[in-house]
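Remarks on the structure that follows.
The values are calculated or read from the model by the stated rules, or taken from the named source; none is laboratory data. Treat the numbers as computed from the prediction; the structure is a model and nothing was measured. Cβ coordinates were reconstructed from backbone atoms using ideal geometry, including for glycine residues, and neighbour counts include every protein chain displayed. Ligands, DNA and RNA are stripped out before the accessible areas are found, and what is left, the full protein with its side chains, is counted by its heavy atoms. Shrake-Rupley method; radii C 1.70, N 1.55, O 1.52, S 1.80 Å.
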Amino acid sequence: MRKLAIGYHASHEQLAPSALLRHVRHAEQAGFAGAMCSDHFLPWSEKQGQSGFAWSWLGAALEATSLSFGTVCAPGYRYHPAVIAQAAATLAEMYPGRFWLSIGSGEALNEHITGEKWPDHAERTARLEECAEVIRALWRGEDVTHRGRVVVEGAKLYTRPAAPPRLLGAAISAGTAARVGRWADGLITVSQGRDQLREVVRRFREGGGEGKPMVLQVKIAYDPDERVALREAHEQWRTNVISPRLLASLAMPEHFDAAASFVRPEDVAAAVRVSADPAQHEAWLREDADLGFDAIYVHNVTTNQQAFIEAFGERVLPALAK
């Protein structure tokens, strides 16, 4: 029987990196099987108020725990793909088998800082696939010169792991998932409506992803008091319930705050799993697993990470392990 891995998501937009380091240690002690983190230059909202540098933090987190870690980034803008290839290769050499990388087409929120015009989705997708080719070539030890949507001149990685890290493709829509199936080692996507999520899985498999691992990041709001969970979900995450295309095109936290000014708590509850009942969260995760996901990373969007980790460690993780 396929074993489901439940991981912890560290949100750099919401919490200081020092706090997140404490939380991943706690998550390991509670029984979480791995962790992943966001990679942001700016938070989604002024209320979140953090944006630690993921790559500095990842080295510390890998050293502080025995968990596997991964992150999602968008090469080709603020990160040159050769730099990402080097950063990932270094972590994979230091911590063999414990680091994976996912790449996606990105959001203007993080990438606009270079001053480059933010391209449309089709152009971003094409650039992403070029970057994937560059990264893989560098991991193979090749001398890379590439002139296309991104330019690489005489790059070679001298420090490489014995085996390259797994390169996942990030997709929210079914169409993107189908393309990811062709070039990625696996899929990472986010929780959404069950029918939409089922379609993402189907298109990924049909597009070339059959037999490849699939990873899901789920957004929940847990607090022992459900009213607090809903209030914090609305305060912390209402900027993220707008459409994915708009989400990718807004450039500043204040733009997100303005776009979400009319979002109600019940609107957030339709996109984030709000419950004070660990058994309900267990049931939701079982439904996700039934779609074929190999690993699920749980992002509790409230600030009470300690209560969330303890509740899941005591009641949810042991139940799912049976």
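A few points about this structure:
- Residue within the stretch 82-101 that is touching a Ser or Thr at 6+ places or on another chain (Cβ under 9 Å), hydroxyl-bearing (S, T, Y) and surrounded by fewer than 22 Cβ atoms within 10 Å (Cβ to Cβ) present: yes
- Whichever residue in the stretch 152-166 is within 19 Å of H80 (Cβ to Cβ) and in contact with a Phe, Trp or Tyr (Cβ under 8 Å, 6 or more places away or on another chain) and, among such residues, is surrounded by the most Cβ atoms within 10 Å (Cβ to Cβ): P165
- Qualifying residue in the stretch 34-53 (condition: open to solvent by 20 Å² or more (accessible area, probe 1.4 Å), modelled with pLDDT of 95 or more and in contact with a strand residue (DSSP E or B) (Cβ under 8 Å, 6 or more places away or on another chain)): no
- In the stretch 277-308, residue nearest to S102 (Cα to Cα) [restricted to those that are among the hydrophobic types (A, V, I, L, M, F, W, C), open to solvent by 10 Å² or more (accessible area, probe 1.4 Å) and within 21 Å of the chain's Cα centre (by Cα)]: A295
- When every residue of the stretch 213-228 is checked against the conditions, at least one turns out to be under 19 Å from A311 (Cα atoms) and hydroxyl-bearing (S, T, Y).
- From the options A33, A74, A61, A54, residue that is in contact (Cβ under 8 Å) with a residue 12 or more places away in the chain, touching a His at 6+ places or on another chain (Cβ under 9 Å) and not polar (S, T, N, Q): A54
- Residue match in the stretch 157-164 (condition: touching a His at 6+ places or on another chain (Cβ under 9 Å), under 18 Å from L101 (Cα atoms) and not hydrophobic (A, V, I, L, M, F, W, C)): no
- Of the set (1) under 18 Å from the mean Cα position of the chain (by Cα); (2) more than 27 Å from A311 (Cβ to Cβ), all apply to M94 but (1).
- Test: R124 is of a type in the set (K, R), part of a helix (DSSP H, G or I) and either open to solvent by less than 50 Å² (accessible area, probe 1.4 Å) or at pLDDT below 95 (or both): yes
- Restricting the stretch 263-313 to residues that are acidic (D, E) and without any contact (Cβ under 8 Å) to a residue 60 or more places away in the chain, the residue that is nearest to E199 (Cα to Cα): D290
- Checking each residue in the stretch 118-141 for being over 27 Å from L250 (Cβ atoms) and of a type in the set (S, T, Y) picks out no residue at all.
- Qualifying residue in the stretch 242-262 (condition: touching a helix residue (DSSP H, G or I) at 6+ places or on another chain (Cβ under 7 Å), farther than 27 Å from E111 by Cβ and either at pLDDT 95 or above or not in a helix (DSSP H, G or I) (or both)): no
- Top-ranked residue of the stretch 64-81 - restricted to ones that are of a type outside the set (S, T, Y) and farther than 18 Å from P43 by Cα, ranked as surrounded by the fewest Cβ atoms within 10 Å (Cβ to Cβ): A64
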